[in-house]
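Notes for the one structure printed next.
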Amino acid sequence: MKFFVDTAEIDAIAELNDLGMVDGVTTNPSLIKKSGRDIIEVTKEICDLVDGPVSAEVTAVDADTMIAEGRKLVEIAENIAVKVPLTWDGLKACKALSDDGHMVNVTLCFSANQALLAAKAGATFISPFIGRLDDINLDGMDLIADIRTIYDNYGFDTQILAASIRSANHVLESARIGADVMTAPPAVIKSMINHPLTDKGLATFLEDIKAADIKIL
Ligand code: G3P
């Protein structure tokens, strides 16, 4: 499973990147707003840091302007994936930009039918939003599973990018189902290491190291 980091915070990306945990980055207008940075500047900095795909989202809602924005975004760096919303205009932009050879991430996916349309429009990535479905008492994991089945049935090579991940369990379930990629905030990725038995076991080892005065260096 590829790990993308869902943030526009440079320091947080750099910290995880140094550990080999970053296969790509996703941003959206809310994350750009949170960073307080200019979209072009901060996206360039992220692309300089990370080798894998960096999703940058268009701001327009009509296809022609989305395509123009996408063509400007891909000038930032070779690893830009243009992020477009799952609307008919977004799919038109997806088709045009992918026909030009650019990576496209179709976002705000909440149904398997939407994912099917995005694959047919040439999406590189489809972003089903797990957490936001859970928020309205639907099961985000059912959506990931349905898309996996449908894409496998027909051999679509659009990658399933599990998004709106809110917990380590969301990562685990997405991996079990076979999502190609997951994107999560840095705090969620860091929380994946937590296990009380690891902490307890280490505490015991440290006590024994002290008691027996075990030294290596
Ligand atoms: O990747 C999409 C993500 O940024 C949305 O997450 O938590 O705002 O639903 P959230």
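Step by step: first the residues of the range 130-159, then only those that are within 13 Å of the ligand (Cβ to nearest atom) and in contact with a helix residue (DSSP H, G or I) (Cβ under 7 Å, 6 or more places away or on another chain), then the one that is farthest from residue 108 (Cα to Cα). Which residue is that? Explain how you work it out, then say what you get.
We begin by selecting, within the range 130-159, every residue within 13 Å of the ligand (Cβ to nearest atom); these are 130-136, 140.
Those still in the list that are in contact with a helix residue (DSSP H, G or I) (Cβ under 7 Å, 6 or more places away or on another chain) too: 130-131, 133-134, 140.
Values: 130: 10, 131: 11, 133: 11, 134: 14, 140: 12 Å.
Filtering first and then ranking leaves 134.
Taking the range 153-183 as the search range and keeping residues that are farther than 21 Å from residue 139 by Cβ and in contact with a Phe, Trp or Tyr (Cβ under 7 Å, 6 or more places away or on another chain), which one is surrounded by the most Cβ atoms within 10 Å (Cβ to Cβ)?
Initially, the range 153-183 is screened for residues farther than 21 Å from residue 139 by Cβ, giving 154-159.
Applying the additional criterion that residues be in contact with a Phe, Trp or Tyr (Cβ under 7 Å, 6 or more places away or on another chain) yields 158-159.
On the way: 158: 23, 159: 19.
My answer is 158.
Can you pull out every residue in the range 157-166 that is in contact with a strand residue (DSSP E or B) (Cβ under 9 Å, 6 or more places away or on another chain) and either farther than 21 Å from residue 134 by Cβ or not β-branched (Val, Ile, Thr) (or both)? Write out each step before concluding.
As a first pass, look at the range 157-166 and keep what is in contact with a strand residue (DSSP E or B) (Cβ under 9 Å, 6 or more places away or on another chain): 158-166.
158, 159, 161, 162, 163, 164, 166, listed by residue number.
Within the bounds of the range 142-151, is there any residue that is touching a Leu at 6+ places or on another chain (Cβ under 8 Å), at pLDDT 95 or above, surrounded by fewer than 24 Cβ atoms within 10 Å (Cβ to Cβ) and not in a loop (DSSP other than H, G, I, E, B)?
Scanning the range 142-151, I find at least one residue that is touching a Leu at 6+ places or on another chain (Cβ under 8 Å), at pLDDT 95 or above, surrounded by fewer than 24 Cβ atoms within 10 Å (Cβ to Cβ) and not in a loop (DSSP other than H, G, I, E, B), so the answer is yes.
What is the residue count in the range 191-217 for residues that are in contact (Cβ under 8 Å) with a residue 12 or more places away in the chain and part of a helix (DSSP H, G or I)?
Within the range 191-217, residues that are in contact (Cβ under 8 Å) with a residue 12 or more places away in the chain and part of a helix (DSSP H, G or I) number 1.
Of all residues in the range 22-43, which are in a helix (DSSP H, G or I), among the hydroxyl-bearing types (Ser, Thr, Tyr) and within 12 Å of the ligand (Cβ to nearest atom)?
Initially, the range 22-43 is screened for residues in a helix (DSSP H, G or I), giving 29-35, 39-43.
So of that shortlist, the ones also among the hydroxyl-bearing types (Ser, Thr, Tyr) come out as 30, 35, 43.
Answer for the range 22-43, where residues must be in a helix (DSSP H, G or I), among the hydroxyl-bearing types (Ser, Thr, Tyr) and within 12 Å of the ligand (Cβ to nearest atom): just 30.
Any residue at all in the range 62-70 that's closer than 21 Å to residue 161 by Cβ, surrounded by 21 or more Cβ atoms within 10 Å (Cβ to Cβ) and within 16 Å of the ligand (Cβ to nearest atom)? Working first, answer last.
Applying the first criterion (closer than 21 Å to residue 161 by Cβ) to the range 62-70 yields 66, 69-70.
If we keep only those that are surrounded by 21 or more Cβ atoms within 10 Å (Cβ to Cβ) too, we end up with 66, 70.
Adding the requirement that they be within 16 Å of the ligand (Cβ to nearest atom) leaves none.
Checking the range 62-70: not a single residue is closer than 21 Å to residue 161 by Cβ, surrounded by 21 or more Cβ atoms within 10 Å (Cβ to Cβ) and within 16 Å of the ligand (Cβ to nearest atom).
Within the range 184-203, can one find any residue that is within 16 Å of the ligand (Cβ to nearest atom), touching a Phe, Trp or Tyr at 6+ places or on another chain (Cβ under 7 Å) and either modelled with pLDDT under 95 or not β-branched (Val, Ile, Thr) (or both)?
no
Let me spell it out: the conditions are (1) among the polar types (S, T, N, Q); (2) within 18 Å of residue 8 (Cβ to Cβ); (3) not in a loop (DSSP other than H, G, I, E, B), and residue 59 meets all of them except one. Which number is the exception?
Looking at each condition in turn, residue 59 falls short on (3).
The values are calculated or read from the model by the stated rules, or taken from the named source; none is laboratory data. Everything numeric in this text was worked out from a predicted model, so none of it was measured. Every residue, glycine as well, gets a Cβ built from its backbone with ideal geometry; the counts of neighbours run over all protein chains shown.
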